[in-house]
Amino acid sequence: MPDGPANEFRFDSVDDVRDRLRKVDYLSDEGIAGIVYLADRLGKPILVEGPAGTGKTQLAKSVAEITNARLIRLQCYEGLDESKALYEWNYKKQLLRIQASKADGDSTGWDQIEEDIFSDDFLLTRPLLEAIRAEDPVVLLIDEVDRVEVETEALLLEILSDYQVSIPELGTITARQIPLVFLTSNNTRELSEALKRRCLFLHIDYPDMEREKEIVLTKVPDISESLADQVARIVRSIRQLELKKSPSVSETLDWARTLMLLGVEKVDAEVATSTANILLKYQTDIAKANKELSNEASTVNRAAK
Amino acid sequence: MGEQLAVAGAPMLALLNGFIIELRQAGLPVSLTEHLDAMEAVKHIPLEDRAAFKYALAATLVKNNAHWRSFETVFEVYFSLRGREYAVGDELADLPEDLLDELEQMMSGQGDGQMQGGGGHEALSAEELAEMLYQSLLRGDQSMMRAVARQSVKRFAGMEPGRPVGGTYYLYRTLRNLDLDSVMNRLMDQSRSGRDDEPLTPLEERLERDEYESRVEQLKQEIEAEIRRRLVADRGVEAMAKTLRKPLPEDIDFMHASRDEMKLLRQAIYPLTRKLAVRLARKRRHGRKGPLDFRNTVRHSLSYGGVPAEPKFRYPRPAKPEIFVIADISGSVAAFARFTLHLVYAIANQFSRVRAFVFIDGIDEVTRFFEGTEDIVESIHRVNTEADVVWVDGHSDYGHAFETFWSKWGKEVGPKTTVLILGDARNNYHAAQSWVIKEIRHRARHVYWLNPEPRSYWDTGDSIVGEYGTHCDGVYECRNLRQLEKFVDVLT
Ligand SMILES: Nc1ncnc2c1ncn2[C@@H]1O[C@H](COP(=O)(O)OP(=O)(O)O)[C@@H](O)[C@H]1O
Ligand SMILES: [Mg+2]
């Protein structure tokens, strides 16, 4: 493993991480900030797991921003392979080079040509290799890693443990610095033990009410304290219902923005019902939430008073 | 950094060692690498910063969110007596002076007299404690809640040294005395009376209630923590770690799962069914070749001077397998059946072609209840109320159910079908009709039987799983997720 510049840590303390993230409008908590701090100290990748829309991708972006690093992102999808993740030989260019040498009357021997066409000039660098070769500070984001087949994970292992890649034609390329690496997963399948062992594990769940309110206050321009508070409270109550899909932070933000557009100052049952489709995606969930929030159960309680 | 290194000295490492041993005993898989990472981590995060310390350990040692509950329990026991403010002792010492003063004023304002014991605050009267409880919840004040928790446990739990009673008993006793229901009513009345001009709307009621409930939850956690501290102080870390241990979701017995545990099971089951889907699909893919992959062929041709010497093929898209689930939902496996239906629902989400059948002494197809709805609760409710599964008396009759299955749907089992049968094979001494299973196996790709009973009970009493099993490709004990996962692994 490369040593990296000795003792040059990116953060002074857990609070330092937290404060700097807040400055770029990312509201972390003790767990998030603590693990980012630890990742920097230990030189280990972070595997961030949790429901969609809880700020996993944004965390990597924000950390890049506060450390003045370039974000290199590998978006995963089913069928992603080495040639898209790591590197690929530019075979068109290579073919042209071979054709050209043939046309030349073939003064160069095949050995020479082979050496030639498997050199840097013919290499197409993909995100993983790009991150390893970077001279400037980078943050590597391997986004939604649970989307690739489990076999493809093997591609990542060498990079995650040794910060190097082996290319048969070029040899082993080692990183000059240990980049901060984030892998995200929506947990649609279990990742391999080998991958998990190499990472620090961070589970990001829906934020608690206070943090969500803060997120709304920072992310939605001009929103009042009181409206942000109502939004966060209602979302908390909705998340307690047994739903097909709970509202995510991004949906909370969309909802808050909508309320602003509509000029709402106080969210009553009517407003909540008519805008619930922004918060919830499934018809059955919307029906359930509407029923629960304006419902007879609490009216009964009132009557009993 | 030298100072922090000192923290991670020998005592710390020994402590960490013991902690990891206990994690392993609780079933958490901690590898050597992870142990080493944790040793590294504690050099950077001081124990005094307890929350950060806890997250640091979790990040290195726990790679599965479903294991968090077990981890946290072990952590709280292990480190319960470390850190100043967590020491057992002076109950009111950590309550800010000004709060106490305020409380005192409040009490005298109500004409209930002065705080007892002058400035010493040693003992609160019952009324004072009740008032403090109310105030702490009204304000949502954490340190006040902690003080209330300590006082209440001391006063109500009836803890005595050496008494071999578990934590839940003390929790129950404490809570009963606090009568939180009435406190809740008082809090809600307070919210309502704050606005005599107009009553609270149902939405407002709901939000207020949810807020107070979350505070009550916080208080309960403080109480639990206090009980745990006292138990640990009395009986030692090792003993308590063992007593308080919580099973991992994968070790929870389907048949005896509590409500909360069912919830954990449900969360854990989705990734597993996806794995099952992949496994079943992959089996069919082996040895087959898809269409030519042009780019890949050309890419490799470069090693041969541009001659496409080695044709490359795409992987074929995995074929969608077809699954028939046949599940016993009788009383003897009621808890398992609930779980089974969640399993069916999850599988139905993964496979395009799943058909589900449930039986007691009659059998009915319930595929339609899982289709076109996103609401699992609804699906299960419909299965339980609408499925026609009782033939005579609603006591299990596997033989009759299988026979009916065969005559109604047998023809639809084909060479692509994998059949999963779930049940304890307790047949109430009816005729087995095991020929049906034999016939199904003839037609199907595979037939597997999953039994939620411990293996030692098989073929005792009216269980005839052995007889059916001879006609299956495999019979598996399936009492928990760990075993279910092992079954999934067998499929590769
Ligand atoms: N803690 C947070 N602080 C600030 N914004 C957040 C936070 N969590 C989520 N968001 C916002 O919510 C949206 C979704 O976040 P994203 O990172 O895309 O979610 P994920 O990657 O987990 O699916 C983004 O607009 C993001 O800025
Ligand atoms: Mg994302």
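The values are calculated or read from the model by the stated rules, or taken from the named source; none is laboratory data. Just so you know, these numbers come straight off a predicted model, no measurement behind them. Glycine also receives a Cβ, built like all others from the backbone with ideal geometry; neighbour counts cover every protein chain displayed. Just so you know, the surface numbers come from the protein's heavy atoms only, side chains and all, with ligands and any DNA or RNA stripped out. Shrake-Rupley method; radii C 1.70, N 1.55, O 1.52, S 1.80 Å.
Against the conditions (1) within 16 Å of ligand 1 (Cβ to nearest atom); (2) in a helix (DSSP H, G or I), A:K92 satisfies every one except (1). Could you say whether any residue in the range A:169-180 is within 16 Å of ligand 2 (Cβ to nearest atom) and polar (S, T, N, Q)? No: zero hits.
Residue-wise test of (1) within 30 Å of A:S62 (Cα to Cα); (2) at pLDDT 90 or above; (3) open to solvent by 30 Å² or more (accessible area, probe 1.4 Å).
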position: A:E210; (1), (2), (3): yes, yes, yes
position: A:K213; (1), (2), (3): yes, yes, no
position: A:S224; (1), (2), (3): yes, yes, yes
position: A:T273; (1), (2), (3): no, yes, yes
position: A:T284; (1), (2), (3): no, no, yes
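Here is the figure for the range A:32-54: residues that are within 15 Å of ligand 2 (Cβ to nearest atom) and either acidic (D, E) or open to solvent by 20 Å² or more (accessible area, probe 1.4 Å) (or both) total 4.
Could you tell me whether B:K220 is away from chain A (no Cβ under 14 Å), touching a residue at least 60 places away in the same chain (Cβ under 8 Å), surrounded by fewer than 18 Cβ atoms within 10 Å (Cβ to Cβ) and of a type in the set (K, R)? Taking the combined requirement at face value, the residue does not satisfy it.
Can you name the residue in the range B:187-208 that is hydroxyl-bearing (S, T, Y) and more than 9 Å from chain A (Cβ to nearest Cβ) and, of all such residues, is most open to solvent (accessible area, probe 1.4 Å)?
Going through the range B:187-208, the residues hydroxyl-bearing (S, T, Y) turn out to be B:191, B:193, B:201.
Checking which are more than 9 Å from chain A (Cβ to nearest Cβ) leaves us with B:191, B:193.
Numbers: B:S191: 18, B:S193: 62 Å².
Among those residues, the one meeting the criterion is B:S193.
Taking A:L227 as the residue in question, decide whether it is of a type in the set (A, V, I, L, M) and either more than 16 Å from ligand 1 (Cβ to nearest atom) or assigned to a strand (DSSP E or B) (or both). Against the criterion (of a type in the set (A, V, I, L, M) and either more than 16 Å from ligand 1 (Cβ to nearest atom) or assigned to a strand (DSSP E or B) (or both)), A:L227 qualifies.
With respect to A:S237, is the statement that it is in contact with a Ser or Thr (Cβ under 8 Å, 6 or more places away or on another chain), buried (at least 17 other Cβ atoms within 10 Å of the Cβ), among the hydroxyl-bearing types (S, T, Y) and modelled with pLDDT of 90 or more true? When the stated conditions are applied, A:S237 does not pass them.
Scan the range A:228-244 for residues that are of a type in the set (K, R) and either more than 8 Å from chain B (Cβ to nearest Cβ) or touching a strand residue (DSSP E or B) at 6+ places or on another chain (Cβ under 8 Å) (or both) and the total you get is 1.
Give the residue that is farthest from ligand 1 (Cβ to nearest atom), with candidates limited to residues of the range A:240-265 that are open to solvent by 50 Å² or more (accessible area, probe 1.4 Å) and under 17 Å from A:I215 (Cα atoms).
A:M260
Here A:C76 fulfils each of the conditions (1) more than 28 Å from B:T33 (Cα to Cα); (2) surrounded by 18 or more Cβ atoms within 10 Å (Cβ to Cβ); (3) more than 12 Å from ligand 1 (Cβ to nearest atom) apart from (1).
A single entry from B:E412, B:E386, B:E403 fulfils the requirement of being at pLDDT 90 or above and surrounded by fewer than 16 Cβ atoms within 10 Å (Cβ to Cβ): B:E412.
Taken over the range A:158-187, the criterion of being open to solvent by 10 Å² or more (accessible area, probe 1.4 Å) and within 12 Å of ligand 1 (Cβ to nearest atom) is satisfied by A:N186, A:N187. Scanning the range A:177-214 for residues that are among the small types (G, A, S) and assigned to a loop (DSSP other than H, G, I, E, B) yields one hit, A:S192. For the range B:442-459, the condition holds for no residue, the condition being that it is over 29 Å from the mean Cα position of the chain (by Cα), polar (S, T, N, Q) and open to solvent by 10 Å² or more (accessible area, probe 1.4 Å).
Checked against the criteria, B:V165 counts as within 19 Å of B:K246 (Cβ to Cβ) and β-branched (V, I, T). When you go through A:L38, A:L42, A:L71 one by one, which is the residue that is within 20 Å of A:I132 (Cα to Cα) and away from ligand 1 (no atom under 14 Å from the Cβ)? Exactly one residue qualifies, and that residue is A:L42.
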